[in-house]
Each structure stands twice: as structure tokens, then as C-alpha cells.
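Asks: Below: one structure in C-alpha cells.
The values are calculated or read from the model by the stated rules, or taken from the named source; none is laboratory data. Fair warning: this is a prediction, and the values are worked out from it, not measured in the lab. All Cβ positions, even for glycine, are placed from backbone atoms using ideal geometry, and neighbour counts span all protein chains on display.
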Amino acid sequence: MQKKPFMGVEKRPFLIAGPCSAETEGQVLSIAKDLAKQGEISLFRAGIWKPRTRPGSFEGVGSEGLKWLRRVKEETGLKTTVEVANAHHVYEALKFGVDVLWIGARTTVNPFSVQEIADAVRGIDIPVMIKNPINPDLELWLGAIERLEKAGITRIAAIHRGFSHHTKTRYRNIPLWEMPIELIRRRPDLPIIGDNSHICGNRHMLLEVAQQQMDLNFDGLITEVHCNPDEAWSDAKQQITPNQYHELIGKLVLRTKSTNDPQFLETIEALRIRIDEIDQEVLNILGRRMQLADDIGRYKKRNNISILQPERWNEILQTGVEKGRQRDLSPEFVIQLLSSIHQESIRHQTLVMNAKDVPVVS
Ligand code: PEP
Ligand code: MN
């Protein structure tokens, strides 16, 4: 499906870069000039009002920074984008000629705030980018997009920036790839942009995540770039210099989405047939496994034993992870797969154990 126009997003990848926060006029202009010279980006980002988890951290320079962004436009020709979290931010950004607004992850979670922003931009022809909410709730993300659409905004892009997670992972915000994949399925018309910086939380994984986003057919990237990353006033660990950014973009491999080459189509078709056969086999095996769960349920019922047996479940997980490792399956995948199987097994056992005995009809 054709994507809706968004500032030339079809020129893939659509690149957005700039500091996490605007700190000083000199810092903003130095980064913008370097990025403009490289000629890769279409949009310059800088946070003016910063949502911080704890009070006392740097909360942004405020409207003063908008003058610096106006200078960026005048002196480099780059278009600019800032995060807005309320109507006041919208009015200020518009007053200073900001070209694109973005809604941050902490704002997308709150329909009141999103509606306030939607009402503030009603009747104004400005493109808006909407980050995923911090919690993995696709409806909330889609709902925010719809609020902006209902306010008459036609140029909208989604930004995938990852999700908060209760366990420690190698990411700052776990990507949960199934979320953007489902968003793309539900809204194939919307451009989607990958925020590799906030997913990673460090410099070392930026390329890996950006490449994965490109391989999922994302349309662009938004990346934090700073002239002196280690000294940045916010998100120092994940920022890179303009030169490092140039290198990163140079290393990205861009693959075409599809082809009509008959040789390719024939080969891929043959491989897909084999995959379909294996998926069928997996489902058959799972069906048989659940019949065994039914037997176990009946047996436990007869002996009045409860369904959940934590030691047994622990043992299944541990051996599964080890066996998975030997077969090149990641522990995350094995745990997710076995948890789903276990839940389905519990559902089967629950049905068997609580089934009303069929009354005997004489
Ligand atoms: C940001 O882009 O600097 C930012 C605050 O991001 P997020 O809303 O993804 O936390
Ligand atoms: Mn940041």
C-alpha cells in the first residue's frame, strides 16, 4: 500500500537527527551545521521541554531554545521538529516556525494530553509524529493517531521508541517488535520511523537496532546526535557525534521491499511451502500435547490435585532454555513459547477439571 505523504518520506530512509535536548545556542547550531553539511537528514530534532522521570534533572531550556531552532532554519535550511506535551508547547512551537511536532511516549499514554494537543493544532496544516506509549498498548498508540486525524491533521507518522519493561534487558526500552509489526499491519498507510536512540540507551547497539528497523520496512530513523555526547545534559550515553552518525548511516543496508523477479519468487515460494509444512506439523504436535494435558487434568481431578505445579513448571523452563540454546533458539523465545504452551495447557486442564459432569439421561 502507498504510504500517506509525509515531507518526502518516500525517499527512504527519511532521516531525523539532532540532540536529545537543546542546551545552548552554540551547541544547537554546531550540531545542525555539521548535520546539514553531511546532507543526509531531512529534519533536525531538539528537545525544548524535557519530560524527566525524576525531578531535579535538566528539564529543558524552554521557549528560549525555539529562537535557536529558528536560527538553525535560517542558517542551514534544515526543517525542525520539537516535542510538545501540552497546548502551550504547541502555540510556542508554532509561533517560532517549528515545522513538525512530535508527541513523546509519556504523553501518548494520556488521552487527555493527546486531545489537548489535537485541539491546539486543529485547523493547522502541520505534520505530527506520534511515539508509541511507554506501555505496550497498541490501542493507545492507534487512539492517539486517531485523535490527531480527527483534528484534521493529514500528515502523521508513527515513531517506534520501545517500551518500559519490569525486567532488566539489554535495551533501555525493549523493542517488542510485534508492536510495530502489528501497527504496520493495521495502518499500512502510515509512515513509521524508528527511534533507535531511546530503544538502545547506549551507543553500541544503535546500528543493530536501526538495521532491524530498516529490515522491517520502517520508513526512517530518528537518532540523537550531539557535538560532545559525553557532556550532554540528558541521555549522554546514547548520543553520538555527527561523524559517528554519518558512519552509522553509511553502514545501513537498505533492502528493497519486494521484487517481480521470477527466479526469486520461485525459490522463495519453495522455501515457504516447507515452512508451511513445518508450521502444520508444529500445530499437530501441539494439538497432541493438549490432549495429554486433558488426560492429566482428568487424572488430577480424580485425585483432587491442583493444576499449577510450580516445581514442574520450573523444570520445564530450565530444560527448555538449555535445549533451545543447543538448537540456536534464544532464551527469550523459548521462555515465551513455553509460557504460551503452559498457559494453553492450564486452560485445557481448567476446562476438564471444572466441567460439569454430563447428566445421565435415562
Ligand atoms: C526524546 O525523544 O528525547 C524523548 C524524551 O523521548 P521519549 O518520549 O521516547 O522518551
Ligand atoms: Mn532523549
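Asks: Out of the residues in the stretch 1-57 that are free of Cβ contacts under 8 Å to residues at least 24 places away in the same chain and of a type in the set (Gly, Ala, Ser), which is nearest to ARG70 (Cα to Cα)?
Replies: Taking the candidates together, the pick is GLY26.
Asks: Taking the condition of being in contact (Cβ under 8 Å) with a residue 60 or more places away in the chain and away from ligand 2 (no atom under 16 Å from the Cβ), how many residues in the stretch 141-174 meet it?
Replies: Count: 4.
Asks: Output the residues belonging to the stretch 317-336 that are assigned to a helix (DSSP H, G or I) and surrounded by 14 or more Cβ atoms within 10 Å (Cβ to Cβ).
Replies: Answer for the stretch 317-336, where residues must be assigned to a helix (DSSP H, G or I) and surrounded by 14 or more Cβ atoms within 10 Å (Cβ to Cβ): LEU317, GLY320, VAL321, GLY324, VAL334, ILE335.
The rows are residues; the columns are (1) surrounded by fewer than 20 Cβ atoms within 10 Å (Cβ to Cβ); (2) away from ligand 1 (no atom under 14 Å from the Cβ); (3) within 30 Å of PRO111 (Cα to Cα).
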position: GLU146; (1), (2), (3): yes, yes, yes
position: THR167; (1), (2), (3): yes, yes, yes
position: PRO188; (1), (2), (3): yes, yes, yes
position: GLN211; (1), (2), (3): yes, yes, no
position: GLY220; (1), (2), (3): no, yes, yes
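Asks: May I ask you to list the residues in the stretch 151-165 that are of a type outside the set (Gly, Ala, Ser) and either under 15 Å from ALA105 (Cα atoms) or in contact with a Ser or Thr (Cβ under 9 Å, 6 or more places away or on another chain) (or both)?
Replies: ILE159, HIS160, ARG161, PHE163, HIS165 - these are the residues of the stretch 151-165 that are of a type outside the set (Gly, Ala, Ser) and either under 15 Å from ALA105 (Cα atoms) or in contact with a Ser or Thr (Cβ under 9 Å, 6 or more places away or on another chain) (or both).
Asks: If you don't mind, another one. Considering only residues of the stretch 232-285 that are away from ligand 1 (no atom under 16 Å from the Cβ) and among the basic types (Lys, Arg), which is farthest from ALA22 (Cα to Cα)?
Replies: Among them, the one singled out is ARG274.
Asks: Would you check which residues across the stretch 31-59 are under 29 Å from HIS88 (Cβ atoms), at pLDDT 90 or above and surrounded by fewer than 16 Cβ atoms within 10 Å (Cβ to Cβ) and list them?
Replies: PHE58, GLU59, listed by residue number.
Asks: Report, by residue number, each residue of the stretch 280-316 that is among the hydrophobic types (A, V, I, L, M, F, W, C) and either within 23 Å of ILE335 (Cα to Cα) or assigned to a helix (DSSP H, G or I) (or both).
Replies: Within the stretch 280-316, VAL282, LEU283, ILE285, LEU286, MET290, LEU292, ALA293, ILE296, ILE307, LEU308, TRP313, ILE316 qualify.
Asks: On the basis of being within 33 Å of the chain's Cα centre (by Cα), on the phi > 0 side of the Ramachandran plot, outside the structural domain of VAL61 (by TED's automatic domain parsing) and free of Cβ contacts under 8 Å to residues at least 12 places away in the same chain, does ASP276 make the cut?
Replies: Considered against the rule, which asks whether it is within 33 Å of the chain's Cα centre (by Cα), on the phi > 0 side of the Ramachandran plot, outside the structural domain of VAL61 (by TED's automatic domain parsing) and free of Cβ contacts under 8 Å to residues at least 12 places away in the same chain, ASP276 comes out as no.
Asks: How about the stretch 52-81: which of its residues are assigned to a helix (DSSP H, G or I) and not basic (Lys, Arg)?
Replies: Once the filter is applied, which keeps residues that are assigned to a helix (DSSP H, G or I) and not basic (Lys, Arg), the stretch 52-81 yields GLU64, GLY65, LEU66, TRP68, LEU69, VAL72, GLU74, GLU75, THR76.
Asks: Ok, one more. Please determine, by comparing only the residues of the stretch 169-179 that are out of contact with any strand residue (DSSP E or B) (no Cβ under 8 Å at 6 or more places or on another chain) and under 14 Å from ASN196 (Cβ atoms), which one is surrounded by the fewest Cβ atoms within 10 Å (Cβ to Cβ).
Replies: Among them, the one singled out is ARG170.
Asks: Scan the stretch 175-189 for residues that are farther than 12 Å from ARG161 by Cβ and either in contact with a Pro (Cβ under 6 Å, 6 or more places away or on another chain) or in contact (Cβ under 8 Å) with a residue 40 or more places away in the chain (or both) and jot them down.
Replies: Once the filter is applied, which keeps residues that are farther than 12 Å from ARG161 by Cβ and either in contact with a Pro (Cβ under 6 Å, 6 or more places away or on another chain) or in contact (Cβ under 8 Å) with a residue 40 or more places away in the chain (or both), the stretch 175-189 yields GLU182, LEU183, ARG186, ARG187, PRO188, ASP189.
Asks: For the subset of the stretch 239-252 comprising residues that are in contact with an Asp or Glu (Cβ under 6 Å, 6 or more places away or on another chain) and crowded, with 19+ Cβ neighbours inside 10 Å, which member is farthest from GLU40 (Cα to Cα)?
Replies: Ranking the candidates gives GLN239 first.
Asks: At least 3 residues that are at pLDDT 95 or above and within 13 Å of ligand 2 (Cβ to nearest atom) in each: list the helices (runs of 4 or more DSSP H) lying fully within the stretch 191-269 that qualify.
Replies: Correct list: 196-200.
Asks: Next question, about the same structure. Could you tell me which of the residues LEU283, LEU265, LEU292 is under 21 Å from VAL352 (Cβ atoms), under 32 Å from the mean Cα position of the chain (by Cα) and without any contact (Cβ under 8 Å) to a residue 24 or more places away in the chain?
Replies: Every option except LEU283 fails the conditions.
Asks: Which ones in the stretch 190-209 are in contact (Cβ under 8 Å) with a residue 60 or more places away in the chain and within 12 Å of ligand 1 (Cβ to nearest atom)?
Replies: ILE193, ASP195, SER197, HIS198
Asks: List the number of the failed condition for GLU10; all other conditions in (1) at pLDDT 95 or above; (2) farther than 22 Å from HIS226 by Cα; (3) among the acidic types (Asp, Glu) hold.
Replies: (1)
Asks: Across the stretch 136-184, what is the number of residues that are more than 22 Å from ASP235 (Cβ to Cβ) and in contact with an Asp or Glu (Cβ under 7 Å, 6 or more places away or on another chain)?
Replies: Of the residues in the stretch 136-184, 3 are more than 22 Å from ASP235 (Cβ to Cβ) and in contact with an Asp or Glu (Cβ under 7 Å, 6 or more places away or on another chain).
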